[in-house]
Every structure is written in C-alpha cells, then in structure tokens.
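These notes are about the structure you will find just below.
Computed from the coordinates by the stated procedures, all read-outs in this text should not be read as laboratory data. This is a predicted model, so every value here is computed, not measured. We place every Cβ from the backbone using ideal geometry, glycine too, and count neighbours over all the protein chains shown.
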Amino acid sequence: MKAFEQNIRKVEPYVPGEQPQGQVIKLNTNENPYPPAPGVLEAMQNLEAHMDTLRLYPDPTSDCLVEALADYYGVEKERVFVGVGSDDVLSMCFLTFFNSDKPIFFPDITYSFYKVWAELYRIPYECKAVDKDFRMIKEDYYGENGGVIFPNPNAPTSLYEDLEFVEDIIRHNQDVIVIVDEAYIDFAGHSALELIDKYDNLIVTQTFSKARSMAGMRIGYAIGSPLLIKYLNDAKYSFNSYTMNKTSLVYGTAAVKDRGYFDETIHKIVETREWAAEEFAKLGFVFPKPSGNFIFVSHPDYDARELFEALKAEGIYVRYWGSRRIEQYMRVTVGTRAEMETLFDFLRKYIADRG
Ligand code: PMP
C-alpha cells in the first residue's frame, strides 16, 4: 500500500441494481413501468424556450419545486427540502441529523444504503433484527440511540407498518431524529406526514423515482419541521448549493401538478401487484404481504440464485442479493400486466420442466 493510501477514506460502496441496455423485462430496480405525467412531456417540448436559461446556474432554493410540493401536501414551504433523488436527501439527513456518539438504529434487513452512509460518515450504528416474518420489533427501538431510520414500506420485504406502529417508535425517541423513508408509501397506506405537526423530531422522505415514474430525473424530498429543514439546507449549502438542475426543477414541478395521472398510475400498479401476488401463490411461492411496487418472493423447492440466473438468461431481470437471512429470496418489481404475464409464463415452464 502506498503511504498516501493510508489517508484516503475507504468505503465499501452501495451496489445499485443492473441497468441493462436493450430489450429486457426490467423488474430489478423498482422503477415504474408507466411514463411520467403528460405535463412532463409538455414541459419537455417547451424547454427550447428555456435554452438561454441553461447558461445560468439554477435557482439554489429550488423554489418552484418546493412550492409545488408544499401545495400538494398542504404544508408551509419552510417544511420542504429537495435533493437529487431521495438517496441524496437521505445522505444529507445522515450527515446533518446523525451526529452523536451513540449508535443509530435501523433494521438488519432494509435498504442497504443506510449502512454505507453510516460507514461513510463514520456514524456508529446498530442493526435491529427483524423477526422471522421480516417484521420490525418496535420495542427494539426504545433503547438509547443517536437516531432512528427505517423505510415504510420496508425494502426489500415490501412490508408496511401502520401509523400506530410508526408513531410508537417516534414517541419513544423524542430526543433524537427519526427518519421515515417513504420511497414506496404511495403504493401502501397512510403516510407519517400525518404526524409531522405532532412531532418536531420527525423527518419523512419521499421520491419521484417510484410512483411518479421519474427515476431518471433524480428528485427526492424531505418534509419536517422548519427548524430541521433549515439545518438540512445549511448542510446542503455547505456541500453543493446547486444540487437540483434546471430540467429537474421544471419537469418535477410539472409532475407534481398532475394529481389525476399520479392516482391512476398507482391504481394500475396496485391492481397488477395484487394479481401477481395471487399468481406467485398459485405457483407455490411464499412472500411477505406486499405493499410497495415489488414482491419479495421465495420458493421452498427452487434455489433463488439459480432461478434468478435462469430468469436473467431469459432477459427477465429481478433483484437478488444472496445476503444473510435472504439467500432464498428475490425481489420482483411490479411491471405492466404484459411483463408480468411473460414472467409467469417462464416460471410455469421452469417449474414444469423440473417436476
Ligand atoms: N429508499 C429506499 C427504501 C429505496 O428502495 C430507494 C430506491 N433504491 C431509495 C430510498 C432511493 O431512491 P431515489 O434515490 O431514487 O429517490
């Protein structure tokens, strides 16, 4: 090792799902199979008019997008923070809010980026084991800690916990910041945003990547008390003032304004999810009750890694980790009905061939 390497920050990076090119059925990174709202296309066509403005830096406050989100959720603008996908927002939250010598708590089976940010920023952490059915045990989060974060619905399990459960964890942790990562909440149930007035230690993050069909644009946001949002902005301005580029601001604002399309897309995905869950069950797969736009499946008779590889060879991409406790599980994003039919045709044949 070269001497200078000793001073280099070394991290084991997060590994994103594959982004294969060409004609594949892509059910591996929880994208939305439907296009963004029609208003986004209109904004794209108008973009020529904005050409000259590309010369200039974007608005560092992201005001139009912040305002659109504040209107959508009926909250003050001072409660909204936007970033380059919720990954950027969450990373800023780790940097800003988890600044204690005590460990932060998060589930052992969860979004694997949490561990990476904790390591990157040298935040002590403790993973709390979910139970045998992959459910979080709320009492595990009562002990002294430096902050709490969990997704609801959880990923990759797709399990949703009701607001009573979420509130119980927040109530037991009022001396630290609790972050509820709601990347998939629109496919599930009540949002912790309903608790935002009641708890000034709560931060809720959401994204445009899933229900709003804009993973390629990279837009995420956090909602919390004006004080917490101020601290987040202070950290952001100390890092990069211009996180949001002009196109994300314009397209993102257009997307938020179309409520009807948003509701319709979610409805279609939830309908396909429920049907797909029945099909998986008919084939003997087991899975926790899905509440996101994905299903976390395992089959008692077929090895998950082999099945994952067989699917891939067929041009059907799903996600497989092979990590502890979830070696026999694959996460399957809910695609269009037609994509899912192709998946099930393959699975039926796979099972029939093996008897
Ligand atoms: N949280 C969870 C639980 C996720 O699964 C993802 C998607 N990988 C994210 C946050 C980040 O999504 P994005 O950065 O696209 O908003």
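Both radii were evaluated on the Cα set of the range 146-209; the Rg over Rh quotient, with Rh as the Kirkwood radius, amounts to 0.94. Counted as membrane-span-like here are DSSP H helices of the chain whose alpha-carbon atoms extend 30 Å or more along the helix's own axis and whose Kyte-Doolittle mean is -1.0 or above; these are 259-282. Each helix, a run of at least 4 DSSP H residues, gives -39500 (n - 2.57); summed and divided by the residues of the chain, these come to -11000 deg cm²/dmol at 222 nm.
Label-to-label distance for Arg348 and Glu274 is 2.2 nm, based on points extended 7 Å past Cα in the beta-carbon direction. Summing charges over neighbours of Gly322, with a neighbour being any other residue whose Cβ is under 15 Å away from its Cβ, gives +1 when K and R count +1 and D and E count -1.
Using a cut-off of 20 Å between alpha-carbon atoms, which aspartates and glutamates can reach Lys198, once sequence neighbours fewer than 8 places away in the same chain are excluded? Within the straight-line cut-off, Lys198 pairs with Asp71, Glu76, Glu78, Glu161, Asp162, Glu164, Glu167, Asp168, Asp175, Asp181, Glu182.
Cross-link list Lys115/Lys138; Lys26/Lys128; Lys132/Lys349; Lys26/Lys210; Lys77/Lys257; Lys289/Lys312: which exceed 23 angstrom alpha carbon to alpha carbon? Listed pairs above 23 Å: Lys26/Lys128; Lys132/Lys349; Lys289/Lys312.
Using the Cβ-Cβ distance between Asp71 and Ser112 with R0 = 51 Å, the FRET efficiency computed as 1/(1 + (r/R0)^6) comes to roughly 0.90. If one computes P(r) from the Cα atoms of the range 38-257, what percent of pairs lie at distances over 29 Å? Of the Cα pairs, 25 percent sit more than 29 Å apart. Take the Cβ atoms of Glu139 and Asp52, set R0 to 51 Å, and the FRET efficiency comes out at 0.30. Along the range 283-289 the Karplus relation, 6.51 cos²θ - 1.76 cosθ + 1.60 evaluated at θ = phi - 60°, assigns HN-Hα couplings of 8, x, 6, 10, 6, x, 4 Hz to successive residues, with x for each Gly and Pro.
Rounded to the nearest 20 debye, the dipole magnitude of the chain is 820 debye, with +1 charges on Lys and Arg beta carbons, -1 on Asp and Glu beta carbons, and the Cα centre as origin.
The residue list Gly315, His267, Asn152 was ranked by how far each Cα lies along the charge dipole of the chain toward its positive end, using unit charges on Cβ atoms, and Gly315 comes out on top.
At a temperature of 4 °C and a viscosity of 1.567 mPa s, determine how fast the range 304-355 diffuses translationally according to Stokes-Einstein, using the Kirkwood radius over alpha-carbon pairs as Rh; express D in µm²/s, rounded to the nearest whole number. D, rounded to a whole number, is 111 µm²/s. Reported to the nearest whole Å, the Cα centre-to-centre distance from the range 92-108 to the range 219-292 is 22. Taking every alpha-carbon pair under 8 Å whose residues sit at least 6 apart, the chain reaches a relative contact order of 23 percent.
DSSP finds beta bridges in the chain, and of those with both partners inside it, around 50 percent are antiparallel.
Dipole magnitude for the range 1-159: computed about the Cα centre from +1 point charges on Lys and Arg Cβ and -1 point charges on Asp and Glu Cβ, it is near 560 debye. Applying 1/(1 + (r/R0)^6) with R0 = 25 Å to the Cβ-Cβ distance of Thr247 and Gln21 gives a FRET efficiency near 0.65. Based on the reciprocal of the average 1/r between different C-alpha atoms, the Kirkwood radius for the range 1-91 equals 18.1 Å. A simple spin-label model places the labels of Leu41 and Phe239 3.5 nm from each other, with each point 7 Å out along Cα-to-Cβ.
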